[in-house]
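Take a look at the structure set out below.
We did not get these values from a lab; they are worked out from the coordinates using the rules stated. The model shown is predicted, which means the values in this text are computed figures rather than measured ones. Every residue, glycine as well, gets a Cβ built from its backbone with ideal geometry; the counts of neighbours run over all protein chains shown.
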């Protein structure tokens, strides 16, 4: 049974281009499910299920009841059920099982929360937080904050950028190189200037291995991690005293919200964010439109009242 899980996780990485975080979550969920199966007892299966073909809809329903009995949040149960449904769909499509016992399995309803963004004036303060210092770390921080907000990329996409992904002469950066969500994103002038300054005066001081391809480096000269990026943003949020919770993903939400409020087409924002479905992007339309911001080519935020 573990062999099929291994193949499925490989499928997620190679065919579905799933992130390492997604794969880790699925591995954990499937591990919990196999533990449940090991302890499961039925009159017809006194030793527990021997193969995936032994799992039927009754077993699936009992598993969901077991999850609910553990007082998991509805969102957690829904995610675990989604993992199991995806896994059994894979087993069925690949011919490992004759029927899909999870096909009719229902997930608990989860109230979707609107993504959070921050005000344009807070964005301006945050982008200015690294200051005008020539410190290599401050130049890096300025470049990564400008890039993050200029493109709306995911945190994993930002830290995976390589120097070779840049085309500063065209004011562009290629995001997701080597995966299925590759897209070329425009950079406004302020972001281009910040990145160019970092490449000229900041990154050379951080480099340890001259063959290191990573764009954003930590103090050891290695690729900046997601955790490292989060700590950088957390520090600047505290420095400028933004009084609402801010994570790296908040800048992605703010990018999308400000573009839409500034009159951008929903399809354009979808392409910028790399959403597979337009419905995923449409959630930003539900957010407040009392004020708006456009990202101008010189990197400033222009605000106007929507009529």
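Points worth noting:
- Cα-Cα separations in the stretch 119-169 greater than 16 Å, expressed as whole percent: 47 percent
- Cα gyration tensor, the stretch 75-207 - rounded (a/c under 1.5), prolate or oblate: prolate
- Shape category assigned to the stretch 2-93 from the gyration tensor of Cα positions, a/c cut at 1.5: oblate
- Taking 7 Å steps out from each Cα toward its Cβ at residue 65 and residue 25 produces label points 2.8 nm apart.
- Packing, taken as the mean count of other beta carbons within 10 Å per residue, orders the peptides 70-77, 196-203 from highest to lowest as 196-203, 70-77.
- Packing order of peptides 118-126, 243-251, 273-281, highest average first: 118-126, 243-251, 273-281 (average count of other Cβ atoms within 10 Å over each peptide's residues).
- Cα gyration tensor shape of the stretch 174-240, rounded if a/c is under 1.5, else prolate or oblate by comparing a/b with b/c: rounded
- Cα Rg over Rh - the stretch 120-304, Kirkwood: 0.95
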